[in-house]
1. Return a yes/no flag: does region 426-439 have any residue that is more than 26 Å from ARG265 (Cβ to Cβ), at pLDDT below 95, in a loop (DSSP other than H, G, I, E, B) and over 15 Å from the mean Cα position of the chain (by Cα).
2. Give the residues of region 210-230 that are farther than 17 Å from GLY163 by Cα and in a loop (DSSP other than H, G, I, E, B), sorted by residue number.
3. Go through LEU278, LEU293, LEU233 for me and flag whichever is buried (at least 18 other Cβ atoms within 10 Å of the Cβ) and part of a loop (DSSP other than H, G, I, E, B).
4. Give ASP344, ASP403, ASP397 a once-over and let me know the one that is closer than 30 Å to MET264 by Cβ, out of contact with any strand residue (DSSP E or B) (no Cβ under 9 Å at 6 or more places or on another chain) and among the acidic types (Asp, Glu).
5. Do you know which of the residues in region 195-209 that are more than 17 Å from ALA466 (Cβ to Cβ) and in a strand (DSSP E or B) is most open to solvent (accessible area, probe 1.4 Å)?
6. Looking at ALA284, ALA275, ALA290, ALA328, which one is touching a residue at least 24 places away in the same chain (Cβ under 8 Å) and within 30 Å of SER214 (Cα to Cα)?
7. When residues of region 256-269 are filtered for being outside any strand (DSSP E or B), at pLDDT 95 or above and open to solvent by 10 Å² or more (accessible area, probe 1.4 Å), how many remain?
8. Against the conditions (1) crowded, with 24+ Cβ neighbours inside 10 Å; (2) among the aliphatic types (A, V, I, L, M); (3) within 19 Å of ALA486 (Cβ to Cβ), where does VAL153 fall short? Just the number, please.
Amino acid sequence: MMTSQPFGAMSAAEIHAGLAAREFSAAEMTASMLDRIQREDGRVHAFLEVTEEAARAQAAHIDDAIAGGAFDAMGPLAGVPVAYKDNMNMTGTHTTCSSNMLQSYVSPYTSTPVQRTLDAGMVPLGKLNMDEFAFGSSTETSAFGPTYNPWDVARVPGGSSGGSAAAVAAGLVPLSLGSDTGGSIRQPAAFCGVVGVKPTYGVVSRYGIVAFGSSLDQVGPFARSVADAARLLNAISGHDVLDCTSQAVETDFAANLDAGVRGMRVGVVPAFMGAQGLASEVKAKVEEAAAKLEAQGAELVEVELPNAAAAMSAYYVLGPCEAFSNLARFDSVRYGYCDPGHSDLGSQYEASRAKGFGDEARRRIMLGSYLLSAGVYEQYYYPAQQIRTLITKDYNDAFQKVDCILAPVAPRTAFRFGEMTDPTEMYLSDMFTISINIAGNGGMSMPVGLGADTHLPVGVQLISPAFKDESMFRAAAALEQEYGCAPVAPDFAPKGGDVA
């Protein structure tokens with residue numbers, strides 16, 4: 001029996017409950033969601049590959065479990081659809097990182113975060129568009145065309161996990177996974193008006209994720225509610241013997257969502273709120289969110305992060321250096337596009353990498369190569385690591401005074417395609433998010449309505465101490481009581497009679 005509520009507007013929790021109550025079957029729900037993707041994704045271009053066969057097979061497995069009485073034991077995400085940023089390996093799918101370099105690459109194995117969603121009984125709908133190799137803040141650098149913001153298709157969805165955010169905002173999937181190296185979950189979540197979580201570095205295994213910056217990358221969830229995001233993080237977190245940086249995290253991120261914020265100390269950073277380039281409508285929303293937390297019983301405390309202003313400079317040394325090292329493997333012999341017709345290996349390397357990588361990827365590879373060269377390494381890389389230590393200490397000192405920090409996510413709402421042609425200006429989109437990756441703390445974007453000027457989504461950032469991510473979830477849940485769960489973008493909201 002089909003539900004009268006459109007699946008595209010349902011939360012993960014509602015889908016799971018509907019399956020448990022036998023209001024509809026997993027096969028019916030999956031078929032409806034696949035139809036919705038086929039019908040609506042042409043306006044968004046969130047998906048690069050739809051994994052219909054795998055989705056239907058998993059749905060059949062779920063229906064067998066329901067019929068056999070084993071469904072309740074599978075956990076709260078069983079039967080819930082999910083999709084993955086296309087830098088996550090999944091056996092038998094293309095993992096392209098939105099690059100011509102990997103256009104024909106088919107994964108021979110499955111990454112740990114993806115495998116853990118499958119083990120939780122989730123239904124895999126496909127792979128999602130992104131900035132090439134996660135280099136970007138708008139999804140404009142994808143070799144396969146940009147993703148469009150469901151709130152205004154003339155504007156970018158953010159990046160690099162733009163497809164992951166847009167798919168959830170458009171109601172094409174209730175949950176998705178992205179990766180965040182300098183803001184690549186939080187910024188698109190803010191632009192698309194959904195919840196996006198970058199957990200503490202080490203909470204989620206990076207095994208099977210195509211690396212950008214190995215000391216910065218972290219996988220996390222997108223959702224339209226805080227509870228859904230918490231449950232997905234529960235499913236993918238924890239130690240993995242295949243990733244030595246992963247930690248034995250046993251936190252239930254969904255456990256204290258109803259606790260409220262009375263007695264919590266929430267930090268605000270005056271330097272962030274007075275930053276040059278911060279749009280007045282974004283500042284107003286952050287101040288409004290702070291006032292709502294205070295009204296619920298939280299204590300607002302000013303904290304200083306004196307070295308945060310240097311985070312951007314440090315990041316654009318550390319990130320390109322790690323990217324240069326990680327992308328060296330794509331040499332046209334072991335991995336990647338191979339340009340034909342060359343008689344010597346040197347010219348083959350040069351032509352293959354020049355044609356396989358896009359402009360932004362080449363820019364970062366060349367910058368990393370320069371920064372790691374003799375005589376330059378000591379001048380830039382060492383100081384960047386020293387700044388990293390100072391930024392980490394700043395956060396540690398701040399968290400002696402507060403339980404979490406409230407800040408902007410991005411300096412403005414979603415910008416128009418082609419509006420930012422200067423790479424440096426584009427990099428400033430992550431001015432409030434990068435320091436969290438450098439320090440390794442948890443951070444998340446929580447939607448708080450629309451800006452007064454652009455009438456586009458605004459997100460506020462909640463930052464937690466390392467391995468105390470539950471504190472930011474608790475504060476985000478309190479804000480959600482005020483603002484409500486994130487809606488499907490109006491132009492994509494399922495209409496009456498539209499089951500998907």
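The values are calculated or read from the model by the stated rules, or taken from the named source; none is laboratory data. This structure is a prediction, so every number in the text was calculated from the model and none was measured. Note: ideal-geometry Cβ built from the backbone for every residue, glycine included; neighbour counts use all protein chains shown. Just the protein is used for accessible areas: all its heavy atoms, side chains included, with ligands, DNA and RNA removed. Shrake-Rupley method; radii C 1.70, N 1.55, O 1.52, S 1.80 Å.
1. Kept after step one, since they are more than 26 Å from ARG265 (Cβ to Cβ), are these residues of region 426-439: 426-430.
Cutting the leftovers down to at pLDDT below 95 gives us 426-430.
Pick out the ones that are also in a loop (DSSP other than H, G, I, E, B) and you get none.
Taking every residue of region 426-439 in turn, none turns out to be more than 26 Å from ARG265 (Cβ to Cβ), at pLDDT below 95, in a loop (DSSP other than H, G, I, E, B) and over 15 Å from the mean Cα position of the chain (by Cα).
2. ALA211, PHE212, GLY213, SER214, SER215, LEU216, ASP217, SER225
3. Details: LEU293 fails: part of a loop (DSSP other than H, G, I, E, B); LEU233 fails: part of a loop (DSSP other than H, G, I, E, B).
Selected residue: LEU278, the only one of LEU278, LEU293, LEU233 that is buried (at least 18 other Cβ atoms within 10 Å of the Cβ) and part of a loop (DSSP other than H, G, I, E, B).
4. After applying the criteria, what remains is ASP397.
5. ILE209
6. Just a single option satisfies the conditions, and that option is ALA275.
7. Let us first name the residues in region 256-269 that are outside any strand (DSSP E or B), namely 256-264, 269.
Within this subset, residues satisfying the condition of being at pLDDT 95 or above are 257-264, 269.
Still in the running and open to solvent by 10 Å² or more (accessible area, probe 1.4 Å): 257-260, 262-263.
The number of residues fulfilling the criteria is 6.
8. Single failed check for VAL153: (1).
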